[in-house]
Amino acid sequence: MTKKLFKHLNYYLMLWIIFSVGVITTVFASPNRNLQIFTIITTIILYVIWGILHHKINHELTRKITIEYLLIGLLGLSIIFFIFTGGI
Amino acid sequence: MFKFLHHYLIPQTSNNYRARLLHHKILSLFILFFFSAGILMSVTKTNFPEVLGISSDVSIDQLLVLTNQKRQESGLGVLTLDQRLSQAAASKGNDMLAKGYWAHISPDGTTPWVFIKGAGYTYTYAGENLARGYTNSSDVINAWMASDSHRQNMLSGNYANVGFAVVTGSLNGEETVLVIEMLGTTALAATPSNTQNEGITEVAQASSEETTPQTPVISQEENKEKIKVEEEEVKKTIASKPAPEIRPLINAETFSSNLAQIAITIFMFVFILDMVIIERKKILRFVGHNLDHIMFLGLIFALILVLLKGYII
């Protein structure tokens, strides 16, 4: 795991930036729920794009991997949707 | 049962060396579940508020005790609960819900002082603290204490009375709990030392974390006419809108956040387990990086905490 992290340090640094900006903008967007939804969806889309590009650049992208990133992104989105519509 | 769990959580021959929970079909089922559950909960909240809704453990008694505790710790006298200020706080809360705003001053320019005057409290000093989305009294008090302007309001020697209201309702489509604290001193209660420090004119102060420089300072004389008209409106509001208190069987916020957090934790655990076992066994697979997904789920967890966090103004 550590080996992988160091090997792909630049990619993970970019992912951390995407995530950090996502969390910070969501914090600053409160209590504007529409803006929060926008920042969260943008962060999730960027994650899926990042994941697919990461595999593409490393020549290991397959259809199955693309679907996996889309599904994980959708899982995150569905959980956030559940919180928004059901909980708050 | 053990075999079933093994198949779903641990990569092995039976699941093609990928925990069954992480297979596309199962992931799709979870996605479908969360989307449908969200819709179902929303419908239930609207049609059966006695079953599912937002409730909180914020109580006026506790707010009063905790406020006075903080004041005593700072060497200040205790505040007495004034029913007129509590009534003013309740009408302010109902006004925010009815007009759909979250601010010290309503979009039509109604200030907190109008509610205080409308409740029959003639103040020398008055202040207001607002909190939203908190589920217990100590979190509300701690949030106010952590903000300079709110702390100054709570720990001001200018106040002798306090009133609280906890109002639950839909604010711009979002079910939430509003906590309103109105502080004040009547002309009779004001001490000479206070007036020496702050001046003897009747002023009103609102506390706002972000808009402190724009703190409204209103001369009663200048706004006498306007206030009188608004007071009448507020009195009508108080008479016509008693806050209905429905305590739901299930707290939607706690239920949904717990369920979501449990699901995320299970997925993160399975991804970690999958990653460790596959690395140890040195099995070659063409799947996404588990580390990416673990980090992503961690982000979703953090975002849920941000969404459920209360705010103060």
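For segment A:50-64, which positions are over 16 Å from residue A:18 (Cα atoms), at the interface with another protein chain (Cβ under 9 Å from one of its Cβ atoms) and part of a helix (DSSP H, G or I)? Steps first, answer last, please.
At the first step, the residues of segment A:50-64 found to be over 16 Å from residue A:18 (Cα atoms) are A:55-64.
Going one step further and asking which of them are at the interface with another protein chain (Cβ under 9 Å from one of its Cβ atoms), we end up with A:55, A:60, A:62, A:64.
Result: A:55, A:64.
Would you say residue B:32 is more than 14 Å from every other protein chain (Cβ to nearest Cβ) and either more than 23 Å from the chain's Cα centre (by Cα) or among the polar types (S, T, N, Q) (or both)? Show your work before the answer.
Numbers: more than 14 Å from every other protein chain (Cβ to nearest Cβ): no; either more than 23 Å from the chain's Cα centre (by Cα) or among the polar types (S, T, N, Q) (or both): yes.
In short, no.
Hey, can you tell me all the residues within segment B:283-310 that are within 8 Å of chain A (Cβ to nearest Cβ), outside any helix (DSSP H, G or I) and closer than 21 Å to residue A:6 by Cα?
Answer for segment B:283-310, where residues must be within 8 Å of chain A (Cβ to nearest Cβ), outside any helix (DSSP H, G or I) and closer than 21 Å to residue A:6 by Cα: B:286, B:287, B:288, B:289.
Looking only at segment B:102-131, count how many residues are without any contact (Cβ under 8 Å) to a residue 40 or more places away in the chain and either buried (at least 24 other Cβ atoms within 10 Å of the Cβ) or closer than 21 Å to residue B:58 by Cα (or both). Before you say what the answer is, go through the steps one by one.
Of the residues in segment B:102-131, the ones without any contact (Cβ under 8 Å) to a residue 40 or more places away in the chain are B:106-109, B:120.
Those left that are additionally either buried (at least 24 other Cβ atoms within 10 Å of the Cβ) or closer than 21 Å to residue B:58 by Cα (or both): none.
Matching residues across segment B:102-131 total 0.
Could you tell me whether residue A:80 is touching a Leu at 6+ places or on another chain (Cβ under 7 Å), in a helix (DSSP H, G or I) and in contact (Cβ under 8 Å) with a residue 40 or more places away in the chain? Please lay out each step first, then the result.
Values: touching a Leu at 6+ places or on another chain (Cβ under 7 Å): yes; in a helix (DSSP H, G or I): yes; in contact (Cβ under 8 Å) with a residue 40 or more places away in the chain: yes.
Taking the combined requirement at face value, the residue satisfies it.
In segment B:61-104, which residues are charged (D, E, K, R) and in a helix (DSSP H, G or I)? Write out each step before concluding.
Restricting attention to segment B:61-104, the residues satisfying the condition of being charged (D, E, K, R) are B:61, B:70-71, B:73, B:82, B:84, B:92, B:95, B:99.
Passing the criteria: B:61, B:70, B:71, B:73, B:84, B:92, B:95, B:99.
Within segment B:19-38, how many residues are of a type in the set (Lys, Arg) and under 15 Å from residue A:67 (Cα atoms)? Explain how you work it out, then say what you get.
Within segment B:19-38, the first condition is being of a type in the set (Lys, Arg), and the residues that meet it are B:20, B:25.
Then keep just the ones that are under 15 Å from residue A:67 (Cα atoms); that gives B:25.
Result for segment B:19-38: 1.
Any idea how many residues of segment B:2-37 are part of a loop (DSSP other than H, G, I, E, B) and not hydroxyl-bearing (Ser, Thr, Tyr)?
Within segment B:2-37, the first condition is being part of a loop (DSSP other than H, G, I, E, B), and the residues that meet it are B:10-12, B:16-19, B:23.
Filter once more, keeping what is not hydroxyl-bearing (Ser, Thr, Tyr): B:10-12, B:16, B:18-19, B:23.
Looking only at that region, the number is 7.
If you go through segment A:30-46, how many residues are of a type outside the set (A, V, I, L, M), over 16 Å from residue A:15 (Cβ atoms) and in contact (Cβ under 8 Å) with a residue 24 or more places away in the chain?
1
Are any residues in segment B:43-56 within 11 Å of chain A (Cβ to nearest Cβ) and either more than 14 Å from residue B:176 (Cα to Cα) or aliphatic (A, V, I, L, M) (or both), and if so, which ones?
B:43, B:44, B:52, B:54
Can you tell me which residue in segment B:24-76 is surrounded by the fewest Cβ atoms within 10 Å (Cβ to Cβ), limited to those that are modelled with pLDDT under 95, under 21 Å from residue B:259 (Cα atoms) and of a type in the set (Ser, Thr, Tyr)?
Of everything passing the filter in segment B:24-76, B:46 is surrounded by the fewest Cβ atoms within 10 Å (Cβ to Cβ).
Please report, ordered by residue number, the helices (runs of 4 or more DSSP H) entirely within segment B:131-222 with at least 2 residues that are modelled with pLDDT of 85 or more. Walk me through it before giving the result.
Numbers: elements: B:137-145, B:148-154, B:192-198.
Ranges flagged: B:137-145, B:148-154.
Every residue, every condition in (1) charged (D, E, K, R); (2) farther than 20 Å from residue B:144 by Cβ; (3) in contact with a strand residue (DSSP E or B) (Cβ under 6 Å, 6 or more places away or on another chain), yes or no:
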| site | (1), (2), (3) |
| --- | --- |
| B:74 | no, no, no |
| B:86 | no, no, yes |
| B:92 | yes, no, yes |
| B:99 | yes, yes, no |
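Considering every residue within segment B:237-256, establish whether at least one is at pLDDT 75 or above, assigned to a loop (DSSP other than H, G, I, E, B), more than 8 Å from every other protein chain (Cβ to nearest Cβ) and exposed (fewer than 14 other Cβ atoms within 10 Å of the Cβ). Write out each step before concluding.
So the first thing to find is which residues in segment B:237-256 are at pLDDT 75 or above, and the list is B:247-256.
So of that shortlist, the ones also assigned to a loop (DSSP other than H, G, I, E, B) come out as B:247-249.
Checking the rest, the ones that are also more than 8 Å from every other protein chain (Cβ to nearest Cβ) come to B:247-249.
Imposing the further condition that a residue be exposed (fewer than 14 other Cβ atoms within 10 Å of the Cβ) reduces the set to B:247, B:249.
Yes, segment B:237-256 contains a residue that is at pLDDT 75 or above, assigned to a loop (DSSP other than H, G, I, E, B), more than 8 Å from every other protein chain (Cβ to nearest Cβ) and exposed (fewer than 14 other Cβ atoms within 10 Å of the Cβ).
I want to confirm something. Restricting to segment A:60-87 and keeping residues that are of a type in the set (Val, Ile, Thr) and crowded, with 18+ Cβ neighbours inside 10 Å, which single residue is modelled with the lowest pLDDT? Spell out the reasoning first.
Step one: filter segment A:60-87 for residues of a type in the set (Val, Ile, Thr), giving A:62, A:65-67, A:72, A:79-80, A:83, A:85.
In the following step, the residues that additionally are crowded, with 18+ Cβ neighbours inside 10 Å were identified as A:65, A:72, A:79-80, A:83, A:85.
Values: A:65: 94, A:72: 97, A:79: 96, A:80: 96, A:83: 93, A:85: 87.
Ranking the qualifying residues of segment A:60-87, first place goes to A:85.
Just one of the numbered conditions (1) closer than 21 Å to residue B:287 by Cβ; (2) more than 9 Å from chain B (Cβ to nearest Cβ) is not true of residue A:67; which one?
Residue A:67 satisfies all of (1) closer than 21 Å to residue B:287 by Cβ; (2) more than 9 Å from chain B (Cβ to nearest Cβ) except (2).
The values are calculated or read from the model by the stated rules, or taken from the named source; none is laboratory data. Please read these numbers as outputs of a predicted model, since none were measured by experiment. For neighbour counting, all protein chains shown are included, and Cβ atoms are generated from backbone atoms with ideal geometry for every residue, glycine included.
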